[in-house]
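One structure is given below, encoded as structure tokens.
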Amino acid sequence: MKVDFEKEQANRIQFSLVGVSPTFSNAIRRYGMMRIPVMAIDNITIYENTSSMFDEYLAQRIGLIPLVTPAKIPAESEAVFILDEVGPKLTTSKDLKSSDSEIVPARENVTIITLGEKQKLKLEAKAKLNIGATHAKYQSGILSYEIVGDDKFIFKVESLYHMPTREIVMRACDLIEDDITTIVKELKKVVK
């Protein structure tokens with residue numbers, strides 16, 4: 001197997017993988033999008049909202065803000081975010097104050113809402129760890145590949161800012177390796 005990183009930008013990479021099967025390439029793609037645990041806001045309690053936007057719309061917008069997801073984070077991890085703003089003000093993701101200094105909005109300039117004169121928004125949001133197979137807000141990135149020849153695959157990976165782009169591929173491969181190890185252990189129990 002041979003890997004060559006061909007292009008790299010802020011949140012995108014392109015690399016080629018030679019000497020693997022389509023099945024293995026597809027496993028990397030699917031694990032990268034659906035199996036990597038990612039932090040996302042899951043539960044929001046709105047205490048005061050005098051803005052022009054319904055609570056449900058605000059909750060949806062806030063739930064889709066990408067959060068930094070550190071490596072080796074425990075499955076039961078949780079972070080609480082507080083937002084307490086009064087207009088006139090453009091309220092963005094940088095206004096979300098986190099209880100965990102490592103789990104913060106990945107992008108500071110994501111617009112939540114523009115509050116008008118004396119409009120208020122006060123809420124508490126809880127983030128938890130989950131995978132993209134349960135909801136798109138837990139997806140680490142977008143992975144695709146093109147088949148060139150018999151055994152060359154050109155991958156394009158775009159991070160959704162939860163983690164660095166190269167780390168998506170590395171975490172996907174680590175998860176594949178863990179699952180294969182588990183399967184082998186279980187098979188050895190049966191084959192004895």
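The values are calculated or read from the model by the stated rules, or taken from the named source; none is laboratory data. Note that the coordinates shown come from a computational prediction; the quantities given were computed from them, not determined experimentally. Counting neighbours? That spans all protein chains shown, and the Cβs are built from the backbone with ideal geometry, glycine included. Note: accessible area is taken over every heavy atom of the protein model, side chains too, but ligands, DNA and RNA are not part of it. Shrake-Rupley method; radii C 1.70, N 1.55, O 1.52, S 1.80 Å.
A few notes on this one:
- Sequentially through region 11-18, phi angles give Karplus couplings (6.51, -1.76, 1.60; θ = phi - 60°) of 10, 9, 9, 9, 9, 10, 10, 10 Hz, Gly and Pro residues having no value and appearing as x.
- Built amide H within the under 5 Å cut-off of GLN119, gap 5+: GLY87
- In degrees, nearest ten, helix 22-34 long axis to first principal axis of the chain (Cα): 20
- Cβ-defined net charge surrounding ALA59, 13 Å radius [Lys, Arg +1; Asp, Glu -1]: -1
- Rg over Rh [alpha-carbon atoms, Kirkwood Rh] for the chain: 1.09
- With all protein chains kept in place, the per residue accessible area of the chain amounts to 58 square angstrom at a probe of 1.4 angstrom.
- Diffusion coefficient, µm² s⁻¹, Stokes-Einstein with Kirkwood Rh over alpha-carbon pairs of region 5-71 at 10 °C and 1.306 mPa s: 100
- In sequence order, region 122-127 has phi-based couplings of 10, 8, 10, 10, 10, 10 Hz under the Karplus curve 6.51 cos²θ - 1.76 cosθ + 1.60, θ = phi - 60°, and Gly or Pro positions carry x.
- Spatial separation of Cα centroids for region 27-78 and region 125-147, in angstrom: 10
- Distances between placed amide hydrogens fall under 5 Å for VAL68 paired with VAL104, ALA106, all partners being 5 or more residues away or on another chain.
- Mean Cβ count within 10 Å, highest first, over the residues of peptides 113-122, 145-154: 113-122, 145-154
- With a threshold of 26 Å on the Cα-Cα distance, the over-threshold entries among LYS72/LYS137; LYS97/LYS120; LYS2/LYS189; LYS137/LYS189; LYS94/LYS120; LYS2/LYS137 are LYS2/LYS189; LYS137/LYS189; LYS2/LYS137.
- Two-site label geometry, ASP4 and ALA133: point separation in nm, points 7 Å out along Cα→Cβ: 3.4
- Förster-model FRET efficiency, 22 Å R0, ASP178 and GLU102, C-beta, rounded to 0.05: 0.45
- Cβ-Cβ FRET estimate between ILE82 and ASN11, R0 fixed at 45 Å, reported to 0.05: 0.95
- Listed peptides 177-190, 12-25 by packing density, highest first (mean Cβ within 10 Å): 12-25, 177-190
- Distant-in-sequence amide contacts of ASP42, defined by a placed amide H-H separation under 5 Å and a gap of 5 or more residues or a different chain, comprise LYS126, ALA127, LYS128.
- Region 18-153, accessible surface, carbon-and-sulfur percent (1.4 angstrom probe): 50
- Integer Hz, Karplus 6.51/-1.76/1.60 couplings in order for region 47-60, x for Gly and Pro: 8, 8, 8, 10, 6, 7, 10, 5, 3, 5, 5, 4, 4, 5
- Approximate spin-label separation GLU56-LYS94, in nm, with each point projected 7 Å along Cα-to-Cβ: 3.3
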